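For reference, the structure discussed in these notes is given below.
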Amino acid sequence: MIIFTFLFVLLNLISYNGSMGELELRKYLKVIKNEKYYHDWFELVKPILLSDEFQKRIKFKHHHNSVFYHCILVSYRSYEFAIKHNVNPYNCAIAGLLHDFYPYAWQDSKSLKGLDSSYSKKIGVKKKFFEKHGFTHAREALENVYKYYPEYSNERIDNAILRHMFPLNIAVPKYKESWVITTQDKIVSVKELLGMY
Ligand SMILES: [Fe+2]
Ligand SMILES: [Fe+2]
């Protein structure tokens with residue numbers, strides 16, 4: 001047991017480069033690791049979850065969780081729903097993970113101190129009503145996906161990200177995947193608010 005613990009710590013140290021390695025990430029995912037589709041889902045989203053830019057969302061607040069955690073839950077629940085209801089699971093896993101990949105934090109939190117200050121530049125800035133986060137972040141997230149993960153962009157994933165804030169954003173979701181993401185986002189958000197995640 002001592003040897004195993006030593007090896008585990010050593011492996012984490014070797015893989016540590018300022019962000020989580022796979023072993024540490026799997027520990028972080030313990031809330032869903034016993035779920036039926038966890039391993040298949042993880043293989044699909046692993047490259048994004050392990051990337052430095054996505055891991056910065058650990059420091060973006062979302063209710064009492066992080067954007068990182070919120071997006072993992074939306075991604076997994078959307079993937080699970082897609083398998084059960086004959087929707088494309090890959091599109092749902094990726095769109096769920098990236099639906100809130102907006103570039104700048106909008107809620108202040110102590111954790112942001114660990115990030116470059118440019119990530120906080122929109123906090124406290126006064127905006128007109130339709131320029132507020134709820135109305136703009138879906139498009140900002142999609143543009144950020146084009147910047148960091150263009151290889152994951154396709155018509156259906158893009159639409160699911162762009163329209164996930166329906167009905168606050170009045171553009172109606174176009175594909176099944178878009179409806180799955182907007183629905184699961186709301187279910188997960190309500191459960192987060194209720195302290196169920
Ligand atoms: Fe959102
Ligand atoms: Fe969301």
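Read the figures in this text as sums done on the coordinates, not as results from a lab. What you see is a predicted model, and the numbers here were worked out from it, not measured in a lab. Positions of Cβ are generated from backbone atoms using ideal geometry, with glycine treated the same way; all protein chains shown enter the neighbour counts.
A few notes on this one:
- Over segment 111-175 - Rg/Rh using Cα atoms and the Kirkwood inverse-distance radius: 1.03
- Per-q log10 I(q)/I(0), the chain, q = 0.09, 0.10, 0.13 Å⁻¹ (Debye; single scatterer per alpha-carbon; no solvent): -0.34, -0.42, -0.70
- The relative contact order of segment 2-193 comes to 19 percent, based on Cα pairs under 8 Å that sit 6 or more residues apart.
- Order by protection proxy (mean Cβ within 10 Å, highest first), peptides 147-159, 84-96, 126-138: 84-96, 147-159, 126-138
- Of Ala105, Ala82, Ala171, the one that fluctuates the most in a GNM where the chain has Cα springs shorter than 10 Å: Ala171
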